[in-house]
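Before I ask anything, let me first share the structure, which is written out below as structure tokens.
The values are calculated or read from the model by the stated rules, or taken from the named source; none is laboratory data. Predicted model, so just to flag it, every value in this text is computed and none were measured. Counting neighbours? That spans all protein chains shown, and the Cβs are built from the backbone with ideal geometry, glycine included.
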Amino acid sequence: MKILKDLLFLLLCGMFLCACTKNHEKTYKESRESLHTVVAITVVSDSSDKAKSAIDKAYHELDRLAKLLNFYSEHSEVSEINKNAGNKPVKVSVETFEIIEKALYASENTEGAFDITVGPVVKLWDFKNKVAPDADQIKEKSKIIGYKNILIDKKDSTVFLEKKGMQIDLGGIIKGYAADKAVEVLKSNGIKAGIVAAAGDIRTFGKRHDEGSWNVGIKNPRQKGSVDEIVAVVKLSGQAISTSGDYERFFEKNGIRYHHILDPKTGNPAYGCQSVTIVAKEAAITDAFATGIFVLGPKKGMGVLNKLGIDGIIIDKEGKVYITDGLKGSIELMIKDSTFA
Ligand code: AMP
Ligand code: MG
């Protein structure tokens, strides 16, 4: 229970973070809206001016990436790629190329369960107004899903969607990727330790100055009330962590939960898990794999994590908890046994 005492709880979309102060160094924290969510940036610094300036620059980077990679804006590079589907390759920036490369890596290692070409089906679902598309619409749009039809050319920095009507949606990787980039900005502005938390996609770097770990809580995906219940705390030192859950964006109709993580094979929500948390070096990877492993389900998902040596915690549809061996020493479970449904 010691780490619980250390925790300076910060409620943030299902996760809690902690940072403390020592000597002349202080912890500075700010939360702002970016990437259509709340992003909290925490830095350790010996100067408030230095901390503030670095944090400002990091938010600037997040906003720049949000604009560049926005699926819903007419003016983004993603939109330019989508408009030219089935027509011609589009020359893109280093960042757009890089995030698509990382997305393809996740697709290739999750049997296509993570697939950014789900765009046309994503647009059919309206979680705000609780509208599920009809089966025919889903079937029609599902025909053009397939990451193998994304052609990238590194030399020319171009991206080409082979089939007309294809659309890429980077929603399953953008927050993690942007968190990594914001950390790069903080580092290049002299910050040695901190956290960028874009809702459930979090990148830590450096060490807390008391040499403690950064502690992140995992939320109970089936908590009853509005107060967050933590089922586990993960101790991190410099890694990233992401959680994808079926409680983030959903509606219920006739006892069925319709949520935002879609199986590219069916165009419908994936039903094997309640939440998946991934721990790895980069937040782009944790973000993409949290989404992809959620779709794969617990059995195949654990297989992929073990094969790649990526750590994770899967809570399956019955509430059973699966933890990779690599995490067992750095996780504290708040539940009595491995099931808490
Ligand atoms: P996350 O919250 O990171 O799990 O990402 C979910 C978001 O990614 C959704 O809102 C969609 O925009 C997109 N998405 C949904 N299903 C998939 C999938 N199977 N592969 C890639 N992106 C997806
Ligand atoms: Mg994701």
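Return yes or no: is ASN109 in contact with a strand residue (DSSP E or B) (Cβ under 9 Å, 6 or more places away or on another chain) and either at pLDDT 95 or above or more than 16 Å from ligand 2 (Cβ to nearest atom) (or both)?
Numbers: in contact with a strand residue (DSSP E or B) (Cβ under 9 Å, 6 or more places away or on another chain): no; either at pLDDT 95 or above or more than 16 Å from ligand 2 (Cβ to nearest atom) (or both): yes.
Judged against the criteria, ASN109 is not a match.
So if I check each of GLY165, GLY238, GLY255, GLY225, which one is closer than 25 Å to TRP125 by Cα, surrounded by fewer than 20 Cβ atoms within 10 Å (Cβ to Cβ) and modelled with pLDDT under 95? Talk me through it step by step, then tell me what you get.
On the way: GLY165 fails: modelled with pLDDT under 95; GLY238 fails: closer than 25 Å to TRP125 by Cα; GLY225 fails: closer than 25 Å to TRP125 by Cα.
Within the list GLY165, GLY238, GLY255, GLY225, the selection yields GLY255.
Report, by residue number, each residue of segment 270-280 that is assigned to a loop (DSSP other than H, G, I, E, B) and either within 14 Å of ligand 2 (Cβ to nearest atom) or of a type in the set (A, V, I, L, M, F, W, C) (or both). Show your work before the answer.
Pass one, segment 270-280, residues assigned to a loop (DSSP other than H, G, I, E, B): 270-272.
Residue satisfying the conditions is ALA270 alone.
Quick check on segment 244-258: of everything there that is touching a residue at least 24 places away in the same chain (Cβ under 8 Å) and more than 9 Å from ligand 1 (Cβ to nearest atom), which residue is farthest from VAL279 (Cα to Cα)? Steps first, answer last, please.
Filtering segment 244-258 down to residues touching a residue at least 24 places away in the same chain (Cβ under 8 Å) leaves 244-251, 253, 258.
When the remaining residues are screened for being more than 9 Å from ligand 1 (Cβ to nearest atom), the result is 246-247, 250-251, 253, 258.
Values: ASP246: 19, TYR247: 20, PHE250: 24, PHE251: 28, LYS253: 33, TYR258: 26 Å.
Filtering first and then ranking leaves LYS253.
Can you name the residue in segment 190-227 that is free of Cβ contacts under 8 Å to residues at least 60 places away in the same chain and within 15 Å of THR42 (Cβ to Cβ) and is also farthest from the chain's Cα centre (by Cα) among such residues?
Quick first cut of segment 190-227, residues free of Cβ contacts under 8 Å to residues at least 60 places away in the same chain only: 204-205, 207, 211, 223-227.
After this cut, where a residue has to be within 15 Å of THR42 (Cβ to Cβ) as well, the list is 204-205, 207.
Numbers: THR204: 14, PHE205: 17, LYS207: 22 Å.
By that ranking, first place goes to LYS207.
Further question on the same structure: Would a scan of segment 126-139 turn up a residue that is crowded, with 22+ Cβ neighbours inside 10 Å, in contact with a Leu (Cβ under 9 Å, 6 or more places away or on another chain) and among the polar types (S, T, N, Q)?
Start the filter on segment 126-139 by keeping residues that are crowded, with 22+ Cβ neighbours inside 10 Å, which leaves none.
No, the conditions are met nowhere in segment 126-139.
Take GLU98 and decide whether it is of a type in the set (D, E, K, R) and over 27 Å from ALA193 (Cβ atoms).
Numbers: of a type in the set (D, E, K, R): yes; over 27 Å from ALA193 (Cβ atoms): no.
Here the answer is no, as GLU98 does not meet what is asked.
In addition: In contact (Cβ under 8 Å) with a residue 60 or more places away in the chain, part of a helix (DSSP H, G or I) and either within 15 Å of ligand 2 (Cβ to nearest atom) or crowded, with 23+ Cβ neighbours inside 10 Å (or both): which single residue out of GLY292, GLY267 fits that description?
GLY292
Of all residues in segment 218-240, which are within 16 Å of ligand 2 (Cβ to nearest atom) and within 15 Å of ILE315 (Cα to Cα)?
Passing the criteria: ILE218, LYS219, PRO221.
Per-residue answers, yes or no, for (1) in contact with a helix residue (DSSP H, G or I) (Cβ under 6 Å, 6 or more places away or on another chain); (2) within 16 Å of ligand 2 (Cβ to nearest atom); (3) among the acidic types (Asp, Glu):
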| position | (1), (2), (3) |
| --- | --- |
| ILE145 | yes, no, no |
| LYS155 | no, no, no |
| GLN167 | yes, no, no |
| GLY172 | yes, yes, no |
| LYS181 | yes, yes, no |
| ALA193 | no, no, no |
| VAL216 | no, yes, no |
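So which residues in segment 117-144 are assigned to a loop (DSSP other than H, G, I, E, B), farther than 21 Å from GLU77 by Cβ and not polar (S, T, N, Q), if there are any at all? Full working, then the answer.
Of the residues in segment 117-144, the ones assigned to a loop (DSSP other than H, G, I, E, B) are 123-125, 127-130, 132-134, 143-144.
Now restrict to residues that are farther than 21 Å from GLU77 by Cβ: 124-125, 127-130, 132-134, 143.
Of everything in segment 117-144, those that are assigned to a loop (DSSP other than H, G, I, E, B), farther than 21 Å from GLU77 by Cβ and not polar (S, T, N, Q) turn out to be LEU124, TRP125, PHE127, LYS128, LYS130, ALA132, PRO133, ASP134, LYS143.
Next up: Starting from residues that are part of a strand (DSSP E or B), in contact with a Ser or Thr (Cβ under 9 Å, 6 or more places away or on another chain) and of a type outside the set (Lys, Arg), keep the ones in segment 315-334 and report whichever is surrounded by the most Cβ atoms within 10 Å (Cβ to Cβ).
Of the residues in segment 315-334, the ones part of a strand (DSSP E or B) are 315-316, 320-323, 331-333.
Subset that is in contact with a Ser or Thr (Cβ under 9 Å, 6 or more places away or on another chain): 315, 320-323.
Then keep just the ones that are of a type outside the set (Lys, Arg); that gives 315, 321-323.
Details: ILE315: 30, VAL321: 22, TYR322: 17, ILE323: 18.
Ranking the qualifying residues of segment 315-334, first place goes to ILE315.
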